[in-house]
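Structure, as structure tokens:
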Amino acid sequence: MKYGIIGTGAIGGYYGAKLAHGGQEVHFLLHRDYEYVKQNGLQVDSCDGSFHLDNVNVYQHSSDMPKCDVVLVGLKSVNNGMLKELLTPLVGADTLVVLIQNGIGVEDDVQKMFPGVQLAAGLAFICSAKTEPGVVNHQCYGSINLANYSCRDEAKMQAVVDEFRAAGIETGLVEYNEARWKKAVWNMPFNGMTVALHTQTDKLLKNPSTRLLIREQMMEVVGAAQHLGVKNLDETFVEKMITMTDEMTPYSPSMRLDYDFHRPMEIYYLYTRPLEIARVAGFPMRKLEMLEAELRFLEAENL
């Protein structure tokens, strides 16, 4: 299949490069490092084996890109207002758009922008960063789960999974609500806490006080999800996420990097939206509501 990448950063750049390295036709939209990648290619420095793409299909404007069978959106959700312009040229009648974005409620809002477009969620479990032109630094993990939101063809979902796996990407199909809330179990505590305390994931878990707080925040997400009827999410999953993070390379999540580089943070879909959904359902997440308020303050001082 023909793939388009909107947002060739740490996530879109990694998965797009893996697909291209595996032999798929991939078209990349770039902004700041377009000229660099056009001239020098795309480098992936990876714990699983580094590689370089010499000849990359790169574009500065999506209007120059071809229609694609699958479009991976790796934009930060704060830039979703640009999707109408960026995504429209790539989408045909049968195109599947995979939103590899953080938070709860992303697909709902994008579907309103594109009523007839088939959407899926991409839930990436990866430590990856892009802090210099044309180089993706993949530190650890790298799997991605796909969850059907409005795709009319289950066979196409499976075909995407198969092509991801053929490219060396661990991939599975999962239920949508379960997948989004499971991702929130890790994202809501660690993204915000690394910003609020100006630290990395490992230090949060090495300190007994913040380790307990992280666990309590995770359990708030689990409680909200269970209150909303989400299946297969309990204390066992929390312990799995903590153990996984204990074993992880010390990591600055995307929100911490956005803060460090004085960029807007993804507070709305990572915090405001899920907190509102949980509150309306009768399960307020008090500790995470406090963290959201702290993040709002820090962002206002930082921009």
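I want to confirm something. Restricting to the stretch 287-303 and keeping residues that are assigned to a helix (DSSP H, G or I) and open to solvent by 40 Å² or more (accessible area, probe 1.4 Å), which single residue is nearest to TYR268 (Cα to Cα)? Show your work before the answer.
The initial filter retains those residues of the stretch 287-303 that are assigned to a helix (DSSP H, G or I), namely 287-302.
Applying the additional criterion that residues be open to solvent by 40 Å² or more (accessible area, probe 1.4 Å) yields 287, 290, 293-294, 296-297, 300-301.
On the way: LYS287: 16, MET290: 14, ALA293: 11, GLU294: 13, ARG296: 10, PHE297: 14, ALA300: 14, GLU301: 17 Å.
Within the stretch 287-303, the match that is nearest to TYR268 (Cα to Cα) is ARG296.
Quick check on the stretch 1-8. Is at least one of its residues open to solvent by 20 Å² or more (accessible area, probe 1.4 Å), modelled with pLDDT of 95 or more and either of a type in the set (S, T, N, Q) or within 20 Å of the chain's Cα centre (by Cα) (or both)?
no
Name the residue, out of TYR34, TYR14, that is of a type in the set (Ser, Thr, Tyr) and surrounded by fewer than 19 Cβ atoms within 10 Å (Cβ to Cβ). Lay out the reasoning, then the answer.
Details: TYR14 fails: surrounded by fewer than 19 Cβ atoms within 10 Å (Cβ to Cβ).
Only one candidate qualifies: TYR34.
What are the residue pairs meeting all of these: first residue in the stretch 240-259, first residue under 26 Å from LEU303 (Cβ atoms) and open to solvent by less than 20 Å² (accessible area, probe 1.4 Å), second residue part of a helix (DSSP H, G or I) and of a type in the set (D, E, K, R), Cβ atoms under 6 Å, and 6 or more apart or on different chains?
Listed by first residue and then by second, the contacts come to nothing, as the list is empty.
Restricting attention to the stretch 217-245, which residues are acidic (Asp, Glu) and in contact with a helix residue (DSSP H, G or I) (Cβ under 6 Å, 6 or more places away or on another chain)? Talk me through it step by step, then tell me what you get.
Taking the stretch 217-245 first, the residues acidic (Asp, Glu) are 220, 234-235, 239.
GLU220, the sole residue that qualifies.
Take the residues in the stretch 260-286 that are charged (D, E, K, R) and open to solvent by 80 Å² or more (accessible area, probe 1.4 Å); name whichever of them is nearest to the chain's Cα centre (by Cα). Reasoning before the result, please.
Residues of the stretch 260-286 that are charged (D, E, K, R), as a first pass: 260, 263, 266, 273, 276, 279, 286.
Checking which are open to solvent by 80 Å² or more (accessible area, probe 1.4 Å) leaves us with 263, 276, 279, 286.
On the way: ARG263: 17, GLU276: 21, ARG279: 24, ARG286: 25 Å.
Checked the stretch 260-286; the qualifying residue nearest to the chain's Cα centre (by Cα) is ARG263.
Select from the stretch 134-160 the residues that are touching a Leu at 6+ places or on another chain (Cβ under 7 Å) and closer than 21 Å to GLY49 by Cα and list them in ascending order.
Residues satisfying the conditions are GLY134, ILE144.
I'd like the full set of residues that are in contact with an Asp or Glu (Cβ under 9 Å, 6 or more places away or on another chain), outside any strand (DSSP E or B) and open to solvent by 10 Å² or more (accessible area, probe 1.4 Å), limited to the stretch 93-102. Give the derivation first.
Of the residues in the stretch 93-102, the ones in contact with an Asp or Glu (Cβ under 9 Å, 6 or more places away or on another chain) are 94-96, 99, 101-102.
Still in the running and outside any strand (DSSP E or B): 101-102.
Across the stretch 93-102, the qualifying residue is only ASN102.
Checking TYR176 against (1) open to solvent by 70 Å² or more (accessible area, probe 1.4 Å); (2) within 17 Å of the chain's Cα centre (by Cα); (3) among the hydroxyl-bearing types (Ser, Thr, Tyr), which test does it fail?
Every condition holds for TYR176 apart from (1).
Which of the residues that make up the stretch 140-156 are farther than 18 Å from GLY74 by Cα and buried (at least 17 other Cβ atoms within 10 Å of the Cβ)?
Across the stretch 140-156, the qualifying residues are SER150, CYS151, LYS156.
Please determine whether any residue of the stretch 108-129 is in contact (Cβ under 8 Å) with a residue 60 or more places away in the chain and either charged (D, E, K, R) or on the phi > 0 side of the Ramachandran plot (or both).
no
Looking only at the stretch 246-256, which residues are modelled with pLDDT of 95 or more and farther than 9 Å from VAL195 by Cα?
Across the stretch 246-256, the qualifying residue is only ASP246.
Can you name the residue in the stretch 220-236 that is among the β-branched types (Val, Ile, Thr) and open to solvent by less than 70 Å² (accessible area, probe 1.4 Å) and is also nearest to PRO274 (Cα to Cα) among such residues?
Of the residues in the stretch 220-236, the ones among the β-branched types (Val, Ile, Thr) are 221-222, 230, 236.
Restricting the remaining residues to those that are open to solvent by less than 70 Å² (accessible area, probe 1.4 Å) gives 221-222, 230.
Working: VAL221: 9, VAL222: 12, VAL230: 13 Å.
Ranking the candidates gives VAL221 first.
Looking at the stretch 257-284, which of its residues are out of contact with any Asp or Glu (no Cβ under 6 Å at 6 or more places or on another chain), farther than 16 Å from THR194 by Cβ and in a helix (DSSP H, G or I)?
Those that are out of contact with any Asp or Glu (no Cβ under 6 Å at 6 or more places or on another chain), farther than 16 Å from THR194 by Cβ and in a helix (DSSP H, G or I): TYR268, TYR269, THR272, ARG273, PRO274, GLU276, ILE277, ALA278, ARG279, VAL280.
Consider THR88 carefully, then state whether it is open to solvent by less than 50 Å² (accessible area, probe 1.4 Å) and hydroxyl-bearing (Ser, Thr, Tyr). Spell out the reasoning first.
Values: open to solvent by less than 50 Å² (accessible area, probe 1.4 Å): no; hydroxyl-bearing (Ser, Thr, Tyr): yes.
Spelling it out, it is not the case that THR88 is open to solvent by less than 50 Å² (accessible area, probe 1.4 Å) and hydroxyl-bearing (Ser, Thr, Tyr).
Select from the stretch 154-188 the residues that are in contact (Cβ under 8 Å) with a residue 40 or more places away in the chain and over 29 Å from PRO274 (Cβ atoms) and list them in ascending order. Walk me through how you get there before you give the answer.
Quick first cut of the stretch 154-188, residues in contact (Cβ under 8 Å) with a residue 40 or more places away in the chain only: 156-157, 159-160, 163-164, 166-169, 174-188.
Passing the criteria: ALA159, GLU163, ALA166, ALA167, GLY168.
The values are calculated or read from the model by the stated rules, or taken from the named source; none is laboratory data. Predicted model only: the values in this text are computed from it and were never measured. Ideal geometry is used to build each Cβ from the backbone, glycine not excepted, and the neighbour counts take in all protein chains shown. Accessible surface areas use protein heavy atoms only, side chains included; no ligands, DNA or RNA. Shrake-Rupley method; radii C 1.70, N 1.55, O 1.52, S 1.80 Å.
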